1. Tell me, which residue of segment 106-127 that is over 30 Å from GLN75 (Cβ atoms) and out of contact with any helix residue (DSSP H, G or I) (no Cβ under 6 Å at 6 or more places or on another chain) is surrounded by the most Cβ atoms within 10 Å (Cβ to Cβ)?
2. Looking at (1) modelled with pLDDT of 90 or more; (2) within 23 Å of the chain's Cα centre (by Cα); (3) under 30 Å from LEU53 (Cβ atoms), can you tell me which one GLU142 breaks?
3. Working only within segment 49-73, note down all residues that are among the charged types (D, E, K, R) and under 51 Å from the mean Cα position of the chain (by Cα).
4. Looking only at segment 87-138, count how many residues are in contact (Cβ under 8 Å) with a residue 40 or more places away in the chain and β-branched (Val, Ile, Thr).
5. Of all the residues that make up segment 193-216, how many are modelled with pLDDT of 80 or more and out of contact with any helix residue (DSSP H, G or I) (no Cβ under 8 Å at 6 or more places or on another chain)?
Amino acid sequence: MPRIPLPQLLRQLKQHIHPTFSPPEFLATLNNYTPLQPLRIHVQNANGKLQKLRELQAAKKKMYTSKMGEQTKTQTMITELLQTKASWGIKELQSYTQLYADLHNMTTNIQEAQRELQSVEEELEDAHQALIDAIRDRYHEEQIWSDQIRGMSTMVTIALIAFNAIIFATIHIVIEPRKRKKLLKNIQNIMHENDLKMEIRDEQLKTLIYDTRNRTKPSRPSLSASPLPPVVEAKAAANFQYWTQYAVIALPAAFLGVIGTLLAAAPR
């Protein structure tokens, strides 16, 4: 399968999607430049007409100059013949008659060429003035369009600044205080939960100490003491077992650590 160049592929894709789509036309419609398109086309047409008239003027002027040269040449030949008028024959008389007729025709052609050249020059001047008027009208309308675009751009910039200011004020006046309040509430809840846990641990520790003391002392009958509930006794036993295991593991490790530190610090 032959490979298609990328530009050709893009053109085919654009025609397949939207055959009449043109980015410049789309931008002109978007920024309201479409009403100015006829003025631009009018300027281009006036410029093209002016260029054609300039070419026509150059051709007419060249033809007029050529005919003037031929007239001058013919007049020179007539003057030379007139200088030898005393020795004319039939041939010289015929030449003089022909040259004089040619001179008359040349004068008529020169006058016609001169009129055509003047007419072209007048059209050229009118076309030049029309081009200037078209450029002035387009410049005036484009200035108005530019002022409108500049005003819209200023309004959009002000709107964006106001929108950013509103967002900034909303964040720092509404959202941030709520976030701080919510964060403070969460911290207070966590601290309250930690306080409750510490109180529960203190109660458990007191219960454990109380149970330990009661186990190490001889049992004495007490009429006023009431037995603890089974749930409290189970929790106290579990706490006692936990702290016992912790002491068995942590105290030897701490002791070995102290000995290692002393040995490392001892002089050798």
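1. Looking at residues that are over 30 Å from GLN75 (Cβ atoms) and out of contact with any helix residue (DSSP H, G or I) (no Cβ under 6 Å at 6 or more places or on another chain), I get ASP126.
2. If we test GLU142 against (1) modelled with pLDDT of 90 or more; (2) within 23 Å of the chain's Cα centre (by Cα); (3) under 30 Å from LEU53 (Cβ atoms), just (1) comes out false.
3. Start the filter on segment 49-73 by keeping residues that are among the charged types (D, E, K, R), which leaves 49, 52, 54-55, 60-62, 67, 70, 73.
Correct list: LYS49, LYS52, ARG54, GLU55.
4. Number of matching residues: 3.
5. Residues of segment 193-216 that are modelled with pLDDT of 80 or more, as a first pass: 193-209, 212.
Keeping just the survivors that are out of contact with any helix residue (DSSP H, G or I) (no Cβ under 8 Å at 6 or more places or on another chain) gives 193-203, 206, 209.
Of the residues in segment 193-216, 13 are modelled with pLDDT of 80 or more and out of contact with any helix residue (DSSP H, G or I) (no Cβ under 8 Å at 6 or more places or on another chain).
Residue-wise test of (1) at pLDDT 90 or above; (2) loosely packed, with under 14 Cβ neighbours inside 10 Å.
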| site | (1), (2) |
| --- | --- |
| THR20 | no, yes |
| PRO24 | no, yes |
| ILE41 | yes, yes |
| LEU50 | yes, no |
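The values are calculated or read from the model by the stated rules, or taken from the named source; none is laboratory data. All figures in this text were calculated on a predicted structure; none of them were measured in a lab. Glycine gets a Cβ as well: all are built from the backbone with ideal geometry, and neighbour counts include every protein chain shown.
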